[in-house]
Amino acid sequence: MPADGNKKIFPWLSRIDFKYRYFKNSNTNSKAKVQNFTQINKDSLMVFVFNHLIKKSEPLNPNPIIILLRSFGFTKAIAKTLFLLFFLLFCSKRQSDIIIAGSTSVEPFIEKLAEDYMAKNPKIKINVQGGGSTAGIQAVFNKTCAIGTSSRNLHPEEQKLFSFTMAIDGIAVVVHPTNPVSNLTHDELRDIFAGRITNWKEVGGLDKRIFAVTREEGSGTRGAFEELIMHETAISDVCLVQDSNGAIREIVANTPQAIGYISAGLVDKRVKALSIDGIAPILENYKNGSYKFLRPFLLLTLEEPKGPIKSFIDFVLSEEAQQFLKNEGLIPVSLLNK
């Protein structure tokens, strides 16, 4: 089969080749620039493939390694966990001082804080990866990362870990900015993701089909959404499944009929956050308790932190870092104690 044929089967291969050519031809040493560039490339690819699958409502997973694992009968959640563990084992051989893995909701915030920390402590190297809350928690238990991140509360069997709340986040339900709907009731929102409401006209919008986008099993954001919004109602298999907040945001930003849920701290001008029961997902409503759909951002360790790990966690809880998180739309820990 020709090379172009392979790229059609595995779009991720095209991204690898594109990323390689970017590294090869770039003179920049900016880690942040490279990460932002490749993330934009990934999210744009998600939108392109989504536009081809939207009528089929099929889940998307462009990682060929995960596809290979699934061909052996593993579920998507198990395949993603295995992929993250293999990756972390590889990274550990590269002697990164601190490996952090877990929630994709926490990832962009902890990545920025890690860059600031490394700038102040150039001898310490921090490697930040996503993978989902459940995968990050498992990586801590398996000792393949030093710090796990979670955007959901810990299950009883996970509570033996040392847990540090870095902030509280709201779950924001987002639509395209041109969508005339600006508010949904709790029941309407649940029925949309359960597949009971399928047209925007049923909730005061245009006579257009609703394309609901959800997170994958094992995601902390999905776990919190199921707990806070869905309760005992299952999310419909018709919903398109995506593996990051960024991918959902990009699809909603480019699809007028779409609806999804992401970390409120990641809402920007490309999407519109809906009010739920007339309450908007904003910091003031988090603080006064009127917005109920909140979840913790946790840092997790297997043992009591010490050395560089303790130093980094202390930095995340410092006034400087907490102010950054507040500016990004999260509730800092300092406000929780007032």
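The values are calculated or read from the model by the stated rules, or taken from the named source; none is laboratory data. This structure is a prediction, so every number in the text was calculated from the model and none was measured. Here Cβ is always computed from backbone atoms with ideal geometry, including for glycine, and neighbour counts include all displayed protein chains. What goes into the accessible areas is simple: the full protein's heavy atoms, side chains included, and nothing from ligands, DNA or RNA. Shrake-Rupley method; radii C 1.70, N 1.55, O 1.52, S 1.80 Å.
Would you kindly identify the strands (runs of 3 or more DSSP E) lying entirely within the stretch 103-222 that contain at least 2 residues that are of a type in the set (Gly, Ala, Ser)? Let's see the steps before the verdict.
On the way: elements: 126-131, 147-150, 162-175, 211-215.
Here the list reads 126-131, 147-150, 162-175.
Output the residues belonging to the stretch 159-202 that are of a type in the set (D, E, K, R) and in contact with a Gly (Cβ under 6 Å, 6 or more places away or on another chain).
Asp169
So which residues in the stretch 160-179 are charged (D, E, K, R) and surrounded by fewer than 17 Cβ atoms within 10 Å (Cβ to Cβ)? It would help to see each step written out before you state the result.
Of the stretch 160-179, the ones charged (D, E, K, R) are 160, 169.
Answer for the stretch 160-179, where residues must be charged (D, E, K, R) and surrounded by fewer than 17 Cβ atoms within 10 Å (Cβ to Cβ): just Lys160.
On the given criteria, is Lys310 surrounded by fewer than 21 Cβ atoms within 10 Å (Cβ to Cβ), assigned to a loop (DSSP other than H, G, I, E, B) and of a type in the set (Lys, Arg)? I'd like the intermediate steps shown before the answer.
Values: surrounded by fewer than 21 Cβ atoms within 10 Å (Cβ to Cβ): yes; assigned to a loop (DSSP other than H, G, I, E, B): no; of a type in the set (Lys, Arg): yes.
The answer is no for Lys310.
Output the residues belonging to the stretch 227-251 that are closer than 12 Å to Thr104 by Cα and among the hydrophobic types (A, V, I, L, M, F, W, C). Let's see the steps before the verdict.
Let us first name the residues in the stretch 227-251 that are closer than 12 Å to Thr104 by Cα, namely 242-248.
Of everything in the stretch 227-251, those that are closer than 12 Å to Thr104 by Cα and among the hydrophobic types (A, V, I, L, M, F, W, C) turn out to be Ala247, Ile248.
For the stretch 235-258: of the residues being in a strand (DSSP E or B) and either among the aromatic types (Phe, Trp, Tyr) or open to solvent by less than 20 Å² (accessible area, probe 1.4 Å) (or both), which is nearest to Ala273 (Cα to Cα)?
First, the residues of the stretch 235-258 that are in a strand (DSSP E or B): 240-242, 258.
Imposing the further condition that a residue be either among the aromatic types (Phe, Trp, Tyr) or open to solvent by less than 20 Å² (accessible area, probe 1.4 Å) (or both) reduces the set to 240, 242, 258.
On the way: Leu240: 19, Gln242: 18, Ala258: 12 Å.
Among those that are in a strand (DSSP E or B) and either among the aromatic types (Phe, Trp, Tyr) or open to solvent by less than 20 Å² (accessible area, probe 1.4 Å) (or both), it is Ala258.
If a residue has to be within 30 Å of Gly136 (Cβ to Cβ), among the hydrophobic types (A, V, I, L, M, F, W, C) and either open to solvent by 20 Å² or more (accessible area, probe 1.4 Å) or free of Cβ contacts under 8 Å to residues at least 60 places away in the same chain (or both) to count, how many in the stretch 180-220 make the cut?
First, pick out the residues of the stretch 180-220 that are within 30 Å of Gly136 (Cβ to Cβ): 186, 189-190, 192-195, 211-220.
Still in the list and also among the hydrophobic types (A, V, I, L, M, F, W, C): 189, 192-194, 211-213.
If we keep only those that are either open to solvent by 20 Å² or more (accessible area, probe 1.4 Å) or free of Cβ contacts under 8 Å to residues at least 60 places away in the same chain (or both) too, we end up with 193-194, 211-213.
So the count comes out to 5.
Given Glu227, Glu232, which one is open to solvent by 20 Å² or more (accessible area, probe 1.4 Å) and in a helix (DSSP H, G or I)? So that I can check it myself, show each step before the final result.
Numbers: Glu232 fails: in a helix (DSSP H, G or I).
Matching residue, one of Glu227, Glu232: Glu227.
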